[in-house]
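The values are calculated or read from the model by the stated rules, or taken from the named source; none is laboratory data. This one's a predicted model, so the numbers in the text were calculated from it and none came from an experiment. When we count neighbours, we look across all protein chains shown, and the Cβ atoms used for this are built from the backbone with ideal geometry, even at glycine. Keep in mind that these areas ignore ligands, DNA and RNA; they rest on the heavy atoms of the full protein, side chains included. Shrake-Rupley method; radii C 1.70, N 1.55, O 1.52, S 1.80 Å.
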Amino acid sequence: MTVFSQEIQDRAKEIIARYPEGKQRSALLPMLHLVQSVEGYVSPDGIEFCADQLGLQKANVGAVASFYTMYKRRPTGDFLVSVCTNTMCNVLGGQAVYDALTEHLGVGHDETTADGTITLEHAECLAACDYGPVMTVNYDFFDGVNPDGAVELVDKLRQGERPQPSRGARLCTLKEMSIQLAGFADDRDGAVADGVAGDPTLAGLKLAQKHGVSPKGFDINTPIPTAEKKA
Amino acid sequence: MSVYEKLTPVLTKRWLSPDAWRIDVYERLDGYAAAKKALQAHPDDLIALIKDSGLRGRGGAGFPTGLKWGFIPQNDGKPHYLVVNADEGEPGTCKDLPLMTHDPHSLIEGCIIASYAIRANRAYIYIRGEAVHAARRLRNAVQEAYKAGYLGKNILGTGFDLDLVVHSGAGAYICGEETALLDSLEGFRGQPRLRPPFPATHGLYASPTVVNNVGTIASVPYIVLGGAAWWKSMGTEKSSGPMIYSLSGRIKNPGQYECGLGITLRELIELAGGMQDGHELKFWTPGGSSTPLLAAQHIDTPMDFEGVAAAGSILGTTATQIFSDQDCVVYATYRWLEFYHHESCGKCTPCREGNYWMVRVYRRILSGEGTHEDLDTLLDTADNIMGRSFCGLGDGATSPVTSSLQWFKQDYLDYIEGRTAPKLSAKALAGAH
């Protein structure tokens, strides 16, 4: 009896349909996210499921799954806590955040707390350097974190609370997030609208606004030159 | 002229409208006007327009966009593809995520115009897996665009068809390299391909493919609306247009500052409210960690493709990471090397092995056990990686090594000769990372 329900099998078909006929292998990355949404990691069953759906050898699927950081090889917690420790966040305090969480949770990189709530990892640059140091929970951002704040955050998660990320949508579980990564809409009412742009995102714009600066001469009716006219 | 007049909000402008990610708001702000205009034009005229504008790729390499589009063979009987590289991951780079989060339709509109110009009926946006909120907004925008008739069959009654798929990656920096991205999109490990043949003839599914960065494609609607001459009124002669400079680090107001290409770091720091109190500029990256570090004496370098190259670095993604006298350049470089080591795909021996060993040499130096010979080893290793790997990841890894040794050798010697206290413990030396 497979752990992959009819709904998941239907979704697998939907993923395959996004790509040209005969190019169904393109569906592999989203399909790995899909199986992760069921089990919280890419299990041998998940690999077999992908292989069956796409007509691939299990070894082909395993080779791809093991290449990418976001496919987890062991069961994960409900919340994946990723702390950026790449250079910029690192020097701004990200390493201290990671070290504090390691000590507080008693787990290291890519390890899960005994209660099954949190998987911790140090991450490479998360493309939010203007908000550094940053961490993410299931990939939604918590900006400008410090060790105490980070410890408080994970304690809340372990107590069943779901703090609101700084900019992204309200939190869901890692399994629920994996459905979105497989390319399906976030169907939680209002989640897409969550999150407003922070100060760093708008820094240059607000300055331009304050000083009344905008590019000159922008006329949307400017004609597109045609080859005949040019000749 | 005040420094504020250097600001040129074009691609970022809609970010001020909190709901610009919704199609109705987007349409009120000139949205899809460019697509309507472009679909009435001849595709070749659009390619010529982009060539005339001087637009160069915003993903780091700065290749002329119109030229790239022009390389796509026509009437070859093969399907053509547009692939948007939204795998933003170069350390320091943080401009594409806010664009896709706050103005996703501008990227979709750019996709429609670019696909029409190169005669592609399928386009893919390969977005970094971790960029979940940007992907949410983008997927929502794609759905809205289909419903409004901007995507799908017979777009706006012109007979042009386009299907657009948002494809999430799964955590691999290498997939920002265009051929690795194509392999990944085809469902393989993301490893770079040998070139030639180039993607223009043998890209996705061995068919003609244009791979462009988010910022490049998002620029297209503005050029279609405002014209090439207007676009060239910003920036410099060979580096035209506005560019989003992403400032991070030891400045008072980090963030996104869209300015004409060619602005200097001195001006950018002034825009960002100056250095943080007690911090003095020491080293900086003009465009991500793969671009050689520059020092305080380069503060007046024009930050366009030519100016930064003349200073010995690369404009890259204009991810300007600013470090001060209180940051250790040897440690910063070490941490970047850990990144390149982790992200090397393993295909090319010099990159795979070289980064592995350089990380170990750095740990030794930072643990107070380095030798003068280690510096020669680093340079020798960098020399053996540079130009000897399939893709730019290997070359990029050598950038912080050679540039930091060029400008800040004394900082290394201070560790080796015992004047700087060890930054890493013996535990780190054992490979705790």
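A compact table of results
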| item | result |
| --- | --- |
| Whichever residue in region B:259-276 is in contact (Cβ under 8 Å) with a residue 24 or more places away in the chain and over 29 Å from B:Pro64 (Cβ atoms) and, among such residues, is most open to solvent (accessible area, probe 1.4 Å) | B:Glu270 |
| Residue that is within 19 Å of the chain's Cα centre (by Cα), open to solvent by 10 Å² or more (accessible area, probe 1.4 Å), not hydroxyl-bearing (Ser, Thr, Tyr) and not assigned by TED's automatic domain parsing to the domain that holds B:Trp407, where the choices are B:Ala296, B:Ala309 | B:Ala309 |
| Search result, residues across region B:75-107 that are among the polar types (S, T, N, Q) and assigned to a loop (DSSP other than H, G, I, E, B) | B:Asn75, B:Thr93 |
| Selection status of B:Gly159, in a loop (DSSP other than H, G, I, E, B) and open to solvent by less than 20 Å² (accessible area, probe 1.4 Å) | no |
| Qualifying residue in region B:187-207 (condition: under 19 Å from the mean Cα position of the chain (by Cα), under 23 Å from A:Pro225 (Cβ atoms) and either at pLDDT 95 or above or among the small types (Gly, Ala, Ser) (or both)) | no |
| Filter pass, A:Leu207 being outside any loop (DSSP other than H, G, I, E, B) and within 11 Å of another protein chain (Cβ to nearest Cβ) | yes |
| Residues of region B:194-207 satisfying the condition of being under 25 Å from B:Cys351 (Cβ atoms) and open to solvent by 50 Å² or more (accessible area, probe 1.4 Å) | B:Leu194, B:Arg195, B:Pro196, B:Pro197, B:Phe198, B:His202 |
| Of all residues in region A:70-85 being under 26 Å from B:Thr333 (Cβ atoms) and either away from chain B (no Cβ under 12 Å) or touching a residue at least 40 places away in the same chain (Cβ under 8 Å) (or both), the one that is surrounded by the most Cβ atoms within 10 Å (Cβ to Cβ) | A:Cys84 |
| Restricting region A:18-41 to residues that are of a type in the set (A, V, I, L, M) and facing chain B (nearest Cβ under 10 Å), the residue that is farthest from B:Ala120 (Cα to Cα) | A:Leu32 |
| Any chance B:Ile72 is open to solvent by less than 10 Å² (accessible area, probe 1.4 Å) and in contact with a His (Cβ under 8 Å, 6 or more places away or on another chain) | yes |
| Extreme residue, surrounded by the most Cβ atoms within 10 Å (Cβ to Cβ), among residues of region B:19-40 that are in a loop (DSSP other than H, G, I, E, B) and touching a residue at least 40 places away in the same chain (Cβ under 8 Å) | B:Trp21 |
| Of all residues making up region A:165-191, the number that are in contact with an Asp or Glu (Cβ under 6 Å, 6 or more places away or on another chain) and either within 7 Å of another protein chain (Cβ to nearest Cβ) or at pLDDT below 95 (or both) | 3 |
| Residue among A:Pro225, A:Pro200 that is more than 29 Å from the chain's Cα centre (by Cα), of a type outside the set (Gly, Ala, Ser) and at the interface with chain B (Cβ under 7 Å from one of its Cβ atoms) | A:Pro225 |
| Single unsatisfied condition, B:Asp325 versus (1) farther than 15 Å from A:Asn90 by Cβ; (2) open to solvent by less than 50 Å² (accessible area, probe 1.4 Å); (3) out of contact with any Cys (no Cβ under 8 Å at 6 or more places or on another chain); (4) not β-branched (Val, Ile, Thr) | (2) |
| Subset of region A:127-151 [crowded, with 21+ Cβ neighbours inside 10 Å, out of contact with any Asp or Glu (no Cβ under 6 Å at 6 or more places or on another chain) and within 14 Å of another protein chain (Cβ to nearest Cβ)] | A:Ala128, A:Cys129, A:Asp130, A:Gly132, A:Pro133, A:Met135, A:Thr136, A:Val137, A:Asn138, A:Asp140, A:Phe141, A:Phe142 |
| Pairs, first under 15 Å from B:Ala131 (Cα atoms) in region A:158-173, second open to solvent by 80 Å² or more (accessible area, probe 1.4 Å), C-beta under 6 Å, six or more apart | A:Leu171/A:Arg162 |
